[in-house]
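This is the structure, below, for whatever I ask next.
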Amino acid sequence: MRSLLLVLTVLSASLLGGYLSPLAGITFFFLLCVLLFLMVRPIIRLGKDGLASLSFALFGVASVFYAGDKWGAILFSGSFMAGCLFYVTLRNVEGWQRQLFKTLLLGGCITALSEALRQVNLMPYGLFYNPNPFSGFLTPLVPLSLYLYSKEKSKWYALASALLVFGNFISGSRTGVLTMLLALVAILIYLYRQKDKAAIRALLLIFGVGFVSFLLFSGAKDLLMVKGIDGLLEKKPSNIIQRSYLLKVTLEVIAQAPLLGHGLNSFKAVMSTLSNPYVVDRAIHAHSLYLNILAELGIVGLALFLLFLWFVMRGSFRSSFFLNIALLSFLFHNIVEYNFPAPAFQMLFYLLCAAILAEREPERDVLELKGLALRSASALVMLYFVIVHLFPVVGFFLLERADGAFQARDADKTLKYLETSTYFGYAVSLLHEHKAGFISHVYFAANLNDPEVLALAEKGYLRAITLNTMDGDLYVKVAEFYTRSGKPVEAEKLLRAVVEKYPFQQQYRLTMATFLAGQGRYREAIQTLERSNSFLKEYAPLHPKRLDVLATLSSVCERSGDGDRAQAYSAEAQRLQDVIDASEKAKNK
């Protein structure tokens, strides 16, 4: 049963990357890893490597307490903990290497074929959400497939290696292809020093078949050979500028909380407080595993991660050369990518680490769990999974039921489901927000005059903000609630807070100006809008948001009695609209 579950864990993590949401994917992976951990009997041994991996995962869990978005941190720390449990399981069972390597290789080949079919429009999308993680998954599998070929000399492994080389080329990931080439060169040098001419010929043949297949595939898509190769090598200036700006902002994010970081899954929100969205698109991560760990878990988190790697890779490199190259390929590719929290990469990373240590001389255990200690640890793991991770998932399920009841106009059921969802999803701001939103909707729609109902909605909104202090749109929503409730002072405090927190996000300045105009404070509203217009004129003169700012400026000036300025801003808005329309027509031609 355990062997079957191990295979299922590896295969599902390999194949479900693009088909499951982070919530569903991490939950399923976590469940499988918990079940695997519970099957380890009668004793669990932890060496220095196991304790280091556990420390890193637990530190990720601890970051929930100071992360801006509690649920986001819980979700991704669940993936970290699942990867650690998977690793501990592998370190405490034997005889899994060949079976899981073959399963992993099968998953990689299916992934490569699915991407090829997607590119010729025979599949709607591939198994990974974009080319970089797709390449990041395949790159370490190339040396792994060559490892299996070196052991068994089977033509099927040679064919799999060629397919993986082909898949990596069609990804178009420059870093992935470069990493693969460096890995193949290292293997070639190793084989040359071993004077294994047959293996060298096989390696060159495998690479040749993979590369020629890529060229033929590119030709089949009506692409010239040179264009296909240039697509891997060219660097667009805009992309270089964006990456440079992203690096600058990333270093600023790290400098704000260098020791402990900002908490898991916090990078995008914190970056939004520091970066100009009209210069660089908001990134969900730092495009570097190591910088992202620094940003979210700080120096302490990165030190724990590197300590684990040191325990894994110390000793003789030659004793497990191919596996070490596979792991280094993973680590090198992640210098400019963050392929780590997703289940597929947790599984891949920890499987390679466990395989390297399985081929080394066993070291003395630091800690042993057996008897009552093991039963207690198993119970705590199960309790953590159910209460901390699975309960919020149930909350989301109840939220869907509440939405169905709302569509059916059943207010009692809607409130019942929403109320229950907040008990299960106690740490999920979205659930408290929906509950508060429904109560406030009923209150204002029915013209109720019940302070207790209004206080209940307010309590839910404030709870939501407490659980996610980085959601600017939530601040605006609660400010609107306060405005309708006759509490303009509280509304203004929230709007000023979100404008201060996100100084580059002009939609919040526009909302603030609209609020001020509604209070009859036209001068302040005009000043706010003019600052926003000046900002957009400098950084995004043709952005549609500027049309909204100019239209609001014209309206506020008209209401304030300044007809001349209103007309001037209206004319400016019309000229901008004409330029935007002309630009769109030119693009369409």
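The values are calculated or read from the model by the stated rules, or taken from the named source; none is laboratory data. Remember, predicted model here, so these are calculated numbers, not experimental data. Cβ sites come from the backbone with ideal geometry, for glycine too, and all protein chains shown count toward neighbours. Heads up: the accessible areas ignore ligands, DNA and RNA and are worked out on the full protein's heavy atoms, side chains in. Shrake-Rupley method; radii C 1.70, N 1.55, O 1.52, S 1.80 Å.
Enter the angle in degrees (range 0 to 90, nearest 10) between the Cα long axis of helix 544-559 and the first principal axis of the Cα atoms of the chain, meaning the one along which they spread out most.
Helix 544-559 sits at roughly 20 degrees to that axis.
So, one more: In a shell of Cβ-Cβ distance under 15 Å around residue 393, excluding residue 393 itself, what net charge do Lys and Arg (+1) and Asp and Glu (-1) give? Show your work: numbers first, answer last.
Values: positive: 70, 401; negative: 400.
Summing Lys and Arg as +1 and Asp and Glu as -1 gives +1.
Right, something else. Which of 586, 194, 4 sits closest to the plus end of the dipole of the chain, meaning its Cα is farthest towards the positive end, when Lys and Arg get +1 and Asp and Glu get -1 on the C-beta?
Of the options given, the answer is 194.
Putting +1 on Lys and Arg Cβ atoms and -1 on Asp and Glu Cβ atoms, find which of 145, 557, 518 reaches farthest to the positive end of the dipole of the chain.
It is 145, whose Cα lies furthest towards the positive end.
Among 245, 543, 84, whose Cα sits farthest toward the positive end of the charge dipole of the chain (+1 at Cβ of Lys/Arg, -1 at Cβ of Asp/Glu, about the Cα centre)?
84
If the stretch 288-385 were replaced by its equivalent ellipsoid, with semi-axes equal to the square roots of 5 times the Cα gyration tensor eigenvalues, what would those be, largest first, whole Å?
Working: eigenvalues 130, 88, 33 Å².
They are 25, 21, 13 Å, listed largest first.
Using the heavy atoms of the protein chains alone and a 1.4 angstrom probe, what is the accessible area of the stretch 309-372 per residue in square angstrom?
Accessible surface, normalised per residue, equals 40 Å².
Does anyone have the angle between helix 70-91 and the longest principal axis of the chain? Alpha-carbon axes, 0 to 90°, nearest 10?
So the inclination is approximately 10 degrees.
Straight distance only, please: which aspartates and glutamates reach the Cα of residue 221 with their own Cα at less than 16 Å, same-chain residues fewer than 8 apart left out?
115, 230
Tilt of helix 197-220 relative to the longest C-alpha principal axis of the chain, in degrees (0 to 90, nearest 10)?
Its long axis makes an angle of about 40 degrees.
Counting other Cβ atoms within 10 Å, keep those with at most 10, restrict to DSSP loop, and tell me which trypsin sites (Lys or Arg not before Pro) in the stretch 140-216 are left. Before the final figure, lay out each step's value.
Working: sites: 151, 153, 155, 174, 193, 195, 197, 201; in loops: 153, 195.
Taking the stretch 140-216 and a limit of 10 other Cβ atoms within 10 Å, the loop trypsin sites (Lys or Arg not before Pro) found are 195.
Would you compute, from DSSP H runs of 4+ residues alone, the mean residue ellipticity of the chain at 222 nm, taking -39500 (n - 2.57) per run and dividing by the full residue count, rounded to the nearest 500? Display every interim value, and only then the final one.
Details: 27 runs with 440 residues, N = 589.
The per-residue figure over the chain is -25000 deg cm²/dmol.
Something else now. I'd like to check one number: the per residue accessible area of the stretch 528-589, probe 1.4 Å, reported in Å² as a whole number. Could the numbers behind the result be given before it?
Working: 3800 Å² over 62 residues.
Ligands and nucleic acids excluded, the figure is 61 Å² per residue.
Continuing with this model, one more query. Can you give the net charge of the other residues whose Cβ lies under 10 Å from the Cβ of residue 307, counting K and R as +1 and D and E as -1?
Values: positive: 48; negative: 49.
After counting each charged neighbour, the total is 0.
Between their Cα atoms, which of 435/487; 248/585; 153/370; 70/102 are more than 31 Å away from each other? Before the final figure, lay out each step's value.
Values: 435/487 20 Å; 248/585 36 Å; 153/370 41 Å; 70/102 38 Å.
Violating the 31 Å Cα-Cα cut-off are 248/585; 153/370; 70/102.
Label 7 Å along Cα→Cβ of residue 446; the stretch 388-415 residues with amide nitrogen under 15 Å?
Counting only backbone N, you get 406, 409-415.
Still on this structure: For the stretch 395-477, what does the relative contact order come out to in percent, with C-alpha contacts under 8 Å and a separation of six or more?
On the way: 87 pairs, mean separation 20.9, N = 83.
Once normalised by length, the contact order is 25 percent.
Another question about this same structure. Taking a probe of 1.4 Å, how large is the accessible area per residue of the stretch 96-221, in Å²? Walk me through the numbers on the way to the answer.
On the way: 5640 Å² over 126 residues.
Result: 45 Å² of accessible area for each residue.
Also, quick follow-up: If you roll a 1.4 angstrom probe over the protein chains with everything in place, what fraction of the accessible area of the chain belongs to carbon and sulfur, to the nearest %?
Working: 16910 of 27660 Å².
Roughly 61 percent, rounded to a whole number.
How high is the relative contact order of the chain, in percent, counting Cα pairs under 8 Å that sit 6 or more residues apart? Present the calculation step by step, with values, prior to reporting the outcome.
On the way: 769 pairs, mean separation 92.6, N = 589.
That works out to 16 percent.
Rounded to the nearest Å, what's the spacing between the alpha carbon centres of the stretch 516-572 and the stretch 187-216? Just the number, please.
The stretch 516-572 and the stretch 187-216 have Cα centres separated by 65 Å.
Can I ask one more? Charges only on Cβ, +1 for Lys and Arg, -1 for Asp and Glu: so what's the dipole of the chain about the Cα centre, in debye to the nearest 20? The partial results should precede the final answer.
Values: 57 positive and 44 negative charges, 355 e Å.
The dipole of the chain has a size of about 1700 debye.
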